[in-house]
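Handing you this structure, nothing more for now.
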Amino acid sequence: MSPPWPVGASTGVGSLPGTDPLAAATFVLDQAPDLPHVPELPARGVGADAVGRAGALLIDLPVEAGPDGWSVASRPGGDQRRAHELLTADLAALAVAAHGWTGPLKVQVLGPLSLAASLGRPLGEAALADPGLRRDLAISLTEGLRAHVADLQARLPGAAPVLQVDEPMLPALLAGALPTRSGWGRLAPIEPHEATVLLSGVLEAVADPQHRWVHCCGADVPVDLLMAAGAGGLSVDLSLVGADLDPWGRAVDAGAVLVLGAVPTRGAPDGAAAGQAVLDLWRRLGFSPSLRHQRTVVTPTCGLAGLPGRDVQAAGPAYRAARDAARLVAEADG
């Protein structure tokens, strides 16, 4: 079955420079017209960051910001409320900019494992160190995501939500390479089965399997684990895809869309070079051009919040290069 976005689609990973939600929403609709996304603007401060944004979705699980970052809290407070208000403002701005929108619309959230690794516990280690808390976080996040997706669809009835779950820490968590908060040790590795189960539950917040993506911009992406968890799309930094392509071939055979971060977030974006890198990967994989056309989305390698300046237009060159690269891939023959 073909994905619901057109051949030659490009999009952004999520975060952008700037602080104006309406300007960001307008920018995304203009620069990624085939597959726009809910913008994330971390420059607004506490609550607009990835951890705070995920915390805003948690149901009956309060969190708060402190000098060492976000932590699980004993009671609801102002930090979580501010994060929720910022997220609501983003959706309101998007509803204005995208009034009448019909088609796919991507929403991003920090995944349950990376969220657990990013949250502390009162007078304790990261939430990741507590198996019960890991499970509670995943359940709470799933419930909040369902409500979030329902809110998005109520504001934009023609939208078909695509959920991108961000798990940047997953390879390190599986390898037991994440340091404790003290820095003196390492957190115990997460068992692959548990990671699969927790991630699977969150992905099921959207009904359509093709609309379930996982973004992991590090090296050693656990492709088979992500597919077992139910990912319909694999969003990765193309430059970090290694020599072993067997897992990627299995993923394509299983129906996965490759969401390839081909445009570097630093330097002058080059759409032609990015498109060629995407074509090179597909040629190495050995699949037909028709399958490549159906299963490719091009993005920048990662979020763009770190670009110089506070204007969302600073991200324009990267988005245009991704669009040019996607067009090159769509037009290329065998």
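The numbers here are math on the coordinates, done by the rules we state, and not lab data. Here the structure is a predicted model, which is why all the values come from computation and not from measurement. As a convention, Cβ positions derive from the backbone with ideal geometry for all residues, glycine included, and neighbour counts pool all protein chains shown.
Among Asp90, Asp136, which is the only one that is in contact (Cβ under 8 Å) with a residue 40 or more places away in the chain, more than 23 Å from Ala175 (Cα to Cα) and acidic (Asp, Glu)?
Working: Asp136 fails: more than 23 Å from Ala175 (Cα to Cα).
The match here is Asp90.
Yes or no: Ala138 touching a Leu at 6+ places or on another chain (Cβ under 6 Å) and either surrounded by 23 or more Cβ atoms within 10 Å (Cβ to Cβ) or assigned to a helix (DSSP H, G or I) (or both)? Write out each step before concluding.
Numbers: touching a Leu at 6+ places or on another chain (Cβ under 6 Å): yes; either surrounded by 23 or more Cβ atoms within 10 Å (Cβ to Cβ) or assigned to a helix (DSSP H, G or I) (or both): yes.
In short, yes.
In region 5-20, what residues are in contact (Cβ under 8 Å) with a residue 60 or more places away in the chain and either closer than 16 Å to Asp90 by Cβ or out of contact with any helix residue (DSSP H, G or I) (no Cβ under 7 Å at 6 or more places or on another chain) (or both)?
In the first step, residues of region 5-20 are kept if they are in contact (Cβ under 8 Å) with a residue 60 or more places away in the chain; the result is 5, 7-20.
Matches in region 5-20: Trp5, Thr11, Gly12, Val13, Gly14, Ser15, Leu16, Pro17, Gly18, Thr19, Asp20.
Still on this structure, I have one more. Within region 7-25, take every residue that is of a type in the set (S, T, N, Q) and in contact with a Ser or Thr (Cβ under 9 Å, 6 or more places away or on another chain) and give me the one that is surrounded by the fewest Cβ atoms within 10 Å (Cβ to Cβ).
First pass over region 7-25, keeping only residues of a type in the set (S, T, N, Q): 10-11, 15, 19.
This time we only want the ones that are in contact with a Ser or Thr (Cβ under 9 Å, 6 or more places away or on another chain), so: 10-11.
Working: Ser10: 31, Thr11: 29.
Checking each candidate, the answer is Thr11.
Among (1) free of Cβ contacts under 8 Å to residues at least 12 places away in the same chain; (2) farther than 30 Å from Gly12 by Cα, there is one condition Arg81 misses while meeting the rest; what is its number?
Failed condition: (2).
State all residues of region 21-58 that are assigned to a helix (DSSP H, G or I) and among the charged types (D, E, K, R); if no residue qualifies, say none.
Step one: list which residues in region 21-58 are assigned to a helix (DSSP H, G or I), which gives 21-31, 42-44, 50-55.
Once the filter is applied, which keeps residues that are assigned to a helix (DSSP H, G or I) and among the charged types (D, E, K, R), region 21-58 yields Asp30, Arg44, Arg53.
I'm checking my understanding of the structure. Among residues of region 235-254 that are in contact (Cβ under 8 Å) with a residue 24 or more places away in the chain, under 23 Å from Val109 (Cβ atoms) and not hydroxyl-bearing (Ser, Thr, Tyr), which one is surrounded by the most Cβ atoms within 10 Å (Cβ to Cβ)?
Looking only at region 235-254, we keep the residues that are in contact (Cβ under 8 Å) with a residue 24 or more places away in the chain, and these are 235-239, 241, 245, 247-252, 254.
Checking which are under 23 Å from Val109 (Cβ atoms) leaves us with 235-238, 251.
Subset that is not hydroxyl-bearing (Ser, Thr, Tyr): 236-238, 251.
Details: Val236: 25, Asp237: 22, Leu238: 20, Ala251: 23.
Among them, the one singled out is Val236.
Next question, about the same structure. From the residues in region 287-334 that are acidic (Asp, Glu) and surrounded by 15 or more Cβ atoms within 10 Å (Cβ to Cβ), which one is farthest from Phe27 (Cα to Cα)?
If we filter region 287-334 for residues that are acidic (Asp, Glu), which is where we start, we get 311, 324, 331, 333.
Still in the list and also surrounded by 15 or more Cβ atoms within 10 Å (Cβ to Cβ): 311, 324.
Values: Asp311: 11, Asp324: 17 Å.
Taking the candidates together, the pick is Asp324.
Moving to a separate point now. Could you figure out which of (1) surrounded by 24 or more Cβ atoms within 10 Å (Cβ to Cβ); (2) in contact (Cβ under 8 Å) with a residue 60 or more places away in the chain isn't true of Gly52?
Every condition holds for Gly52 apart from (2).
When you scan region 97-105, do you find a residue that is assigned to a strand (DSSP E or B), surrounded by 20 or more Cβ atoms within 10 Å (Cβ to Cβ), under 16 Å from the mean Cα position of the chain (by Cα) and not aromatic (Phe, Trp, Tyr), even just one? First the steps, then the outcome.
Initially, region 97-105 is screened for residues assigned to a strand (DSSP E or B), giving 103-105.
Checking the rest, the ones that are also surrounded by 20 or more Cβ atoms within 10 Å (Cβ to Cβ) come to 104-105.
Still in the list and also under 16 Å from the mean Cα position of the chain (by Cα): 104-105.
Next cut, not aromatic (Phe, Trp, Tyr) only: 104-105.
Yes: one or more hits.
Exactly one condition in (1) crowded, with 22+ Cβ neighbours inside 10 Å; (2) part of a loop (DSSP other than H, G, I, E, B) is not met by Ser74; state its number.
Of (1) crowded, with 22+ Cβ neighbours inside 10 Å; (2) part of a loop (DSSP other than H, G, I, E, B), only one is false for Ser74: (1).
If we keep just the residues of region 163-196 that are assigned to a helix (DSSP H, G or I) and touching a helix residue (DSSP H, G or I) at 6+ places or on another chain (Cβ under 7 Å), which is surrounded by the fewest Cβ atoms within 10 Å (Cβ to Cβ)?
First, the residues of region 163-196 that are assigned to a helix (DSSP H, G or I): 170-175, 192-196.
Narrowing further to those that are touching a helix residue (DSSP H, G or I) at 6+ places or on another chain (Cβ under 7 Å): 170, 173-174, 192, 195-196.
Details: Leu170: 25, Leu173: 21, Leu174: 18, Pro192: 14, Ala195: 24, Thr196: 18.
Here the residue is Pro192.
Among the residues that make up region 16-24, is at least one of them hydroxyl-bearing (Ser, Thr, Tyr) and under 22 Å from Ala315 (Cα atoms)?
Residues of region 16-24 that are hydroxyl-bearing (Ser, Thr, Tyr), as a first pass: 19.
Those left that are additionally under 22 Å from Ala315 (Cα atoms): 19.
Yes, that holds for at least one residue.
Here's something else I'd like to know. Tell me yes or no: at least one residue of region 32-43 is farther than 27 Å from Leu226 by Cβ, touching a residue at least 60 places away in the same chain (Cβ under 8 Å) and surrounded by 21 or more Cβ atoms within 10 Å (Cβ to Cβ). Walk me through how you get there before you give the answer.
Narrowing region 32-43 to residues farther than 27 Å from Leu226 by Cβ: 33, 41, 43.
Next, only the ones that are touching a residue at least 60 places away in the same chain (Cβ under 8 Å) stay: 41, 43.
Among the residues that remain, those that are also surrounded by 21 or more Cβ atoms within 10 Å (Cβ to Cβ) are: 41.
Yes.
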